[in-house]
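A short worksheet on the structure shown next.
Each value in this text was obtained by applying a stated rule to the coordinates, not by laboratory testing. This one's a predicted model, so the numbers in the text were calculated from it and none came from an experiment. Glycine gets a Cβ as well: all are built from the backbone with ideal geometry, and neighbour counts include every protein chain shown.
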Amino acid sequence: MSSNTVEHNRRRHDFSGVESIWLFGYGSLIYKVDFPYLEQKPASIQGWTRRFWQGSHDHRGTPEAPGRVVTLIEQPGATCKGMAYRVSPNVFEHLDVREKNGYLRFTTTLTFDDGSEAEGLVYIATEDNEAFLGRAPDAAIARQIATATGPSGANSEYLLRLADSLRALGAECTHTFSVEACLKADA
Ligand code: SIN
């Protein structure tokens, strides 16, 4: 799988006749909302957990010194809390470019806080993409994040803003909070 997923994503879903669709964000899509939306509400998805296992060569790092950003890893019984946006399909023209470094759109079931459900899309960087870095100890992930920076800014800002947004959502994310604690301990 090429690390540029724009063309792959364009072929993945047929939006003809679709007026709006739910998008689930669990990483920077929670706090960097640079796209129009029709509605926004907290939601969660089941069976997935957030991990800083994806390399960032284009936003929070460089090809020579990639940063680390989150993707979702399958884990039976896990719940991942994030933010859902109801968007018109043309928003994906922008988001496919933003998420091009390895993320593919997948269909998922979103559960809102009132228990209601909807089908939606989520960007996931699977382990067969070229930018996937995989598992590492939380302290090593924090050290890599501490030094990486790219066109979208410091990798540490991505981590700290995500951790703050998750707290604001009341989301439990042991992994994110542990990497954040390692980063702050080393600062
Ligand atoms: C997401 O936020 O849903 C995808 C990963 C990212 O852009 O950080």
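Of note:
- Relative frequency of Cα-Cα separations exceeding 18 Å in region 64-187, percent: 61 percent
- Inter-label distance, residue 18 to residue 41: 2.0 nm, where each label sits 7 Å from its Cα along the C-beta direction.
- Bridge type composition, region 6-186 - antiparallel percent by DSSP, nearest 5: 90 percent
- Between helix 155-169 and the chain: long-axis angle, C-alpha atoms, 0 to 90°, nearest 10: 50 degrees
- Stretch gain in nm, segment residue 88-residue 187, where the contour uses 0.36 nm per residue and the Cα spacing is subtracted: 31.5 nm
- The ellipsoid that matches the Cα gyration tensor of region 1-140 has semi-axes, each √(5λ) in whole angstrom, of 24, 19, 13, with the longest given first.
- In a fully extended conformation the segment linking residue 147 and residue 11 would gain 45.4 nm over its present Cα-Cα distance, using 0.36 nm per residue.
- Evaluated on region 118-163, the Kirkwood hydrodynamic radius is 12.7 Å, with distances taken between all distinct Cα atoms.
- Linear extension gain, residue 167 paired with residue 109, 0.36 nm per residue minus alpha-carbon span: 18.6 nm
- For region 1-78, the C-alpha radius of gyration divided by 2.2 N^0.38 Å, with N the number of residues, is 1.30.
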